[in-house]
């Protein structure tokens, strides 16, 4: 009788501990979300357009600088010292402008970097809201990013499709809101 009570107590203790410590864990593949979500593609296209425009402006500035340098070299020997100083000053100014443009656009705090961060932050906030909503709906305790460190994950715990579905709901509702404003 006593061994049976002990066995039953151990069994009940195991059930209680498994219930208390059981946690639901899922994962999402952020790489897949990034490639399948239309907003990421639109943001990338927008960045590429701005980058092409910046490259065209840089190239035109570089061509202008080269033409000034070539003109200076061909006329340097036949020119007055004042003219040479003026042209050297102009060349130095154009070189400085070109370097400043590079830093302002493509530098670590440049406009391209800021634009990319702003676009990504807006999208990532939407992704976070979608993940939170899926976690609440599925009563998940943890959702991890499977794209960065997950070596294996049971496909039944993959919540990527659910998050994408939730994100697409956001984009549909955002389009309806913008259509009603127009």
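Please treat every number below as a calculation from the coordinates, not as lab data. From a predicted model like this one, the values you see are computed outputs, not experimental measurements. Note: ideal-geometry Cβ built from the backbone for every residue, glycine included; neighbour counts use all protein chains shown.
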Inset, instruction - With an 8 Å cut-off on Cα pairs and a minimum separation of 6 or more residues, tell me the relative contact order of region 23-175 in percent. - result: 49
Inset, instruction - With r as the distance between the Cβ atoms of residue 41 and residue 109 and R0 = 25 Å, compute the FRET efficiency 1/(1 + (r/R0)^6) and round to 0.05. - result: 0.45
Inset, instruction - For residue 76 and residue 56, compute 0.36 nm times the residue count separating them, minus their Cα-Cα distance, and round to one decimal in nm. - result: 4.2 nm
Inset, instruction - Compute the Kirkwood hydrodynamic radius of region 48-124, taking the inverse of the mean of 1/r over all pairs of distinct Cα atoms, and give it in Å to one decimal. - result: 14.5
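Return one quarter of the surface area of the convex hull spanned by the alpha-carbon atoms of region 79-135, equal to its mean projected area, in nm².
Values: hull surface 17.4 nm².
Computed as one quarter of the Cα hull surface, the answer is 4.3 nm².
R0 = 45 Å: FRET efficiency of residue 161 with residue 90, Cβ-based, nearest 0.05?
Numbers: r = 60 Å, r/R0 = 1.34.
My answer for the efficiency is 0.15.
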Legend entry - log10 of Debye I(q)/I(0), alpha-carbon scatterers only, for region 23-175 at 0.08, 0.10, 0.19 Å⁻¹: -0.45, -0.57, -1.10
